[in-house]
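*Asks:* The structure under discussion is supplied below as structure tokens; questions concerning it will follow.
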Amino acid sequence: WKRVKLLEKFFNNHPYLPHIGHLTALIAGLLLPLSLAPFDWWPLGILSVLIFLESISGGSPGRILIRFYLYSLGTFALGVSWIYVSINVYGGAPPILAGFLVILFILAWSLNGLLLGFVYIKWARYFPRGHLFAFPVLWVLSEWFRGWFLTGFPWIYIGYGHLSSPLAGFAPVAGVLGISFVVVLSAVLIHQFLEQRKPVLILGVLVIWLSGFGLSQVDFVEEKGQVTVAAVQGNIDQHSKWQRKMVMPILNKYTDLTSGHWGADIIVWPEASITLFRENAGNFLQGLDEKGKRSGSTVVLGIPDRDEDGSFLNSAIVVGKGQGNYIKRHLVPFGEYVPFENWLRGLITFFDLPMSHNKPGPDQQEAPLADGLKLSLSICYEVVYSELVRSTTESPDLFITISNDTWFGSSIGPAQHLQMAQMRALENGRSMIRATNNGITATINHRGEITD
């Protein structure tokens, strides 16, 4: 470690070699997404922060600021690479334009790191001895800020990587941001120990991790009962899904896939599994409702709808031995509505899809029921918002989330999306059914563990 410190002093003082410190920060940022799904090497998240802390030790304010930005750049460059698939493969943008838009997106969201660096430098100036211990607080504030600014992008939180580590025990009491805090605090304590060799610092790490392990042994909820479930995955190709000629083949496919599962307590079809407006699917839905009642099954399915003004709604309805509906409240920018519509619509076919004209549902909606069980529904992107999921239904019996992750292709996106759904189940102590058009469809228990 002493040799590393000598090298660090050399790199920071030599007129040409500080660039190695910049490169170190960039590499540290690239390590963070490897701690998340689908890689799930959670120790790399701690190592990522540890290396980054070393890269900003002893540098000038200008260099520190650059390294904060480069760290964020590395994190986003790898962590949200799946956006290219959405824009190029399914949005119809040429590779050069798609690449440009993705780079623009990454550069823009990486500015969040610049903001974090600026606040950190200001804090270090006034509290030189306590700046590192403020680092975990600033980190979590940065993640929180990113979760709501410009409608929010709560992706690549470092806490998501710890669903299977002892720190998962903090989720029911402090949520994913609480886990992020203790992960970064652990890295800070380890970094300080390597510099100061004070055993009390490692003792602090042990206390944090043993506390997390202890909390993970506590059951904060009791089982109310069991239900049998069928989650149906249609694997409908996104390029042809919304063609008029595909309406009946899609209906037939979902009907056929469900035929052997009537009698299950709850049957779930994914987001927009029916490509007819609700008003035009009356006969089909009536038949589904009657079959569900005869067999004792509740059917939850995604279907496009319209309000009285003709605005499009992304909705889920409940038929059979259940009732109610839910309208998606948090829409995806550019996917379900187009900011700066007058300038952007027509630029790429992605912006001209029917779903990009959607209107959000009301904040307060009556909970759908499945044979008396209160359901908390979320559609696609909504499941990544902790507070939204927590506030959808008061004291729900079960979580259901439906999605169409075809937009991500075979990238890392679907695995990240599933991991965030797992965290919502763990945070709230509720089992979850997740049905998607082409995967990853899963059942998740109240501990955030995939059961099937």
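The values are calculated or read from the model by the stated rules, or taken from the named source; none is laboratory data. Note that the structure is predicted; figures quoted are calculated from it, not measured. We place every Cβ from the backbone using ideal geometry, glycine too, and count neighbours over all the protein chains shown. Ligands, DNA and RNA are stripped out before the accessible areas are found, and what is left, the full protein with its side chains, is counted by its heavy atoms. Shrake-Rupley method; radii C 1.70, N 1.55, O 1.52, S 1.80 Å.
*Asks:* Quick one: with all protein chains in place, what share of the accessible area of the chain is carbon or sulfur, to the nearest percent (1.4 Å probe)?
*Replies:* Answer for the chain is 63 percent, counting heavy atoms of protein chains only.
*Asks:* Going from most exposed to least, what order do TRP407, TRP144, TRP123 have by accessible area with a 1.4 Å probe?
*Replies:* TRP144, TRP123, TRP407
*Asks:* Here's a follow-up. Just to confirm my numbers, what's the Cα centroid distance between segment 25-99 and segment 273-298 in Å?
*Replies:* When both Cα centres are located, 45 Å separates them.
*Asks:* Would you mind putting 43-52, 244-253, 273-282 in packing order, based on average other-beta-carbon counts within 10 Å, highest first?
*Replies:* Highest to lowest by the protection proxy: 43-52, 273-282, 244-253.
*Asks:* Still on this structure: Normalised by the residues of segment 136-235, what does the relative contact order come to in percent, with Cα pairs under 8 Å and at least six apart?
*Replies:* So the answer I get is 27 percent.
*Asks:* Once the Cα atoms of helix 413-428 and of the chain are each reduced to a long axis, what angle between those two axes, in degrees from 0 to 90 to the nearest 10, is obtained?
*Replies:* The helix 413-428 is inclined about 90 degrees to the chain.
*Asks:* Which angle between 0 and 90 degrees, to the nearest 10, do you get for helix 131-146 versus the longest principal axis of the chain when only C-alpha atoms count?
*Replies:* 20
*Asks:* Distance cut-off 24 Å, Cα to Cα: go down the list LYS291/LYS359; LYS224/LYS359; LYS245/LYS359; LYS321/LYS374; LYS241/LYS374; LYS328/LYS374 and report the pairs above it.
*Replies:* LYS291/LYS359; LYS224/LYS359; LYS245/LYS359; LYS241/LYS374
*Asks:* If R₀ is 51 angstrom, what is the calculated FRET efficiency for the pair GLN365 and PHE127, using the beta carbon separation as r and rounding to 0.05?
*Replies:* With a Förster radius of 51 Å, E is 0.65.
*Asks:* Accessible area per residue of the chain at 1.4 Å probe, in Å²?
*Replies:* 46
*Asks:* Follow-up question, since we're still on this one. Given that just one value was derived from the coordinates, which of (1) 37, 30, 20; (2) 42, 26, 23; (3) 44, 26, 17 is semi-axes √(5λ) of the Cα gyration tensor in Å?
*Replies:* The value matching this structure is (3).
*Asks:* Additional query: Among DSSP beta bridges lying fully in the chain, give the percent that are antiparallel, nearest 5.
*Replies:* Looking only at bridges with both residues in the chain, the antiparallel portion is about 50 percent.
*Asks:* Normalised radius of gyration for segment 100-239, please: alpha carbon Rg relative to 2.2 N^0.38 Å, two decimal places.
*Replies:* After normalising by residue count via 2.2 N^0.38 Å, the value is 1.36.
*Asks:* How high is the relative contact order of the chain, given as a whole-number percent (alpha carbon pairs under 8 Å, six or more residues apart)?
*Replies:* After rounding, I find 13 percent.
*Asks:* Compute the relative contact order of segment 231-271 as a whole-number percentage, counting only Cα pairs closer than 8 Å that sit 6 or more residues apart in sequence.
*Replies:* Relative contact order here is 62 percent.
*Asks:* Kindly list the residues of segment 260-281 that lie in the label zone of GLN226, defined by a backbone N under 14 Å from the point 7 Å along the Cα-to-C-beta vector.
*Replies:* 265
*Asks:* How much accessible surface does HIS19 have with a 1.4 Å probe, in Å² rounded to 10?
*Replies:* Accessible surface of HIS19 is approximately 120 Å².
*Asks:* Work out the FRET efficiency for TRP242 and ASP307 from their Cβ-Cβ distance, taking R0 = 25 Å, and round it to the nearest 0.05.
*Replies:* Calculated value: 0.80.
*Asks:* Moving to a separate point now. I'd like the orientation of helix 199-216 relative to the chain: the angle between its Cα long axis and the longest Cα principal axis, in ° from 0 to 90, rounded to 10.
*Replies:* 10
*Asks:* A further question on this structure: If I take R0 = 45 Å and measure r between the Cβ atoms of ILE20 and ASP452 in this structure, what FRET efficiency does the formula 1/(1 + (r/R0)^6) give, to the nearest 0.05?
*Replies:* The calculated FRET efficiency here is 0.40.
*Asks:* Give the aspartates and glutamates reachable from LYS293 as a straight Cα distance under 19 Å; neighbours fewer than 8 places away on the same chain don't count.
*Replies:* The reachable aspartates and glutamates, counting only those whose Cα sits under 19 Å from LYS293, are ASP256, ASP265, ASP371.
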